[in-house]
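Structure first, commentary second.
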Amino acid sequence: MQLQKVNKFNLYLLIFLLLSACATAPYTQREQLILIDTKTELALGLQTYKQILKKAKLCKDPQIVNMVNRVGWRIAKATGRTDLAWEFKVIDDPKTANAFCLPGGKVFVYTGILKYTRDETGLATVLGHEIAHALARHGAERLSMLLLTQVGETALAAALKESSNTRFNAFLIAYGLGTQVGVILPYSRIQEYEADHLGLILMAKAGYDPRGAIAFWERMMQGDKKVKIPEFLSDHPADEKRIKALKELLPEALGYYQPRR
């Protein structure tokens, strides 16, 4: 009898959390399941940001740093989110073609991606995409899914509130340090397409021609020397599908575009 009461309590708790966790992504209006409150998400982002700064070798080239900040701030202003403490850091790593944005507006760009961006429009494509992830709270959404699959309903409430290794490790996984085939990966592909969608709009609002995003992804596709893996094992869309989807979204993005003076 006691066991049944506990199970019923856990079930009611889970139902309550799920019902109170409804959110909507900007522009696309996609319904989201987010169990992480904004305060917790920002705290985890700041913790990760400080750890990265301790280990990373930051770029000292003023031309590169200034360009990333210039483009980054234009994209940031296009979001209308003045409540976020935007910062843009360049990591000196020519072998890594990557960038990411943590909760709170902490953005990192690796120098290795600059050979693909080539100009400010290409960089705006990357920054628009990564900032879109943060704007739509994709990390919190992904973290919610990971916690549900890892800890179960019994420990869910504690994992959400306590500063536990379980929660922080799940946060790191949610931002790309690991994935799980089946539940998590297909969900992440939805987020990638959504970040492409929002990213086009953001770069257009910032005064960058969204048609330049197509050229950037084509360069990325041509420069990718790694062995291609099946899409169902990847958390990113196949390049050909991504470019096709971007072309379909261009008319909407161009509606926001006004060239910079």
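The values are calculated or read from the model by the stated rules, or taken from the named source; none is laboratory data. Because the structure is a prediction, the values reported are computed rather than measured. Counting neighbours? That spans all protein chains shown, and the Cβs are built from the backbone with ideal geometry, glycine included.
Here are a few things to note about the model shown:
- Test: Q258 is polar (S, T, N, Q), at pLDDT below 85 and surrounded by fewer than 14 Cβ atoms within 10 Å (Cβ to Cβ): no
- The set of residues in the stretch 66-89 that are surrounded by 14 or more Cβ atoms within 10 Å (Cβ to Cβ), farther than 15 Å from E120 by Cα and not charged (D, E, K, R) comprises A78, T79, L84, W86.
- For K205, the requirement of being at pLDDT below 75 and of a type in the set (D, E, K, R) is not met.
- Taken over the stretch 45-104, residues that are closer than 17 Å to R118 by Cα and polar (S, T, N, Q) amount to 5.
- Conditions (1) part of a helix (DSSP H, G or I); (2) more than 30 Å from A23 (Cα to Cα); number of the one not met by K60: (1)
- Residue ID - modelled with the lowest pLDDT, chosen from residues in the stretch 8-38 that are exposed (fewer than 14 other Cβ atoms within 10 Å of the Cβ), within 21 Å of the chain's Cα centre (by Cα) and not in a loop (DSSP other than H, G, I, E, B): C22
- Residue list for the stretch 39-65, filter: farther than 16 Å from F108 by Cβ and exposed (fewer than 14 other Cβ atoms within 10 Å of the Cβ): K39, P62, Q63
- Residues located in the stretch 135-159, provided they are of a type in the set (S, T, N, Q) and at pLDDT below 55: T154
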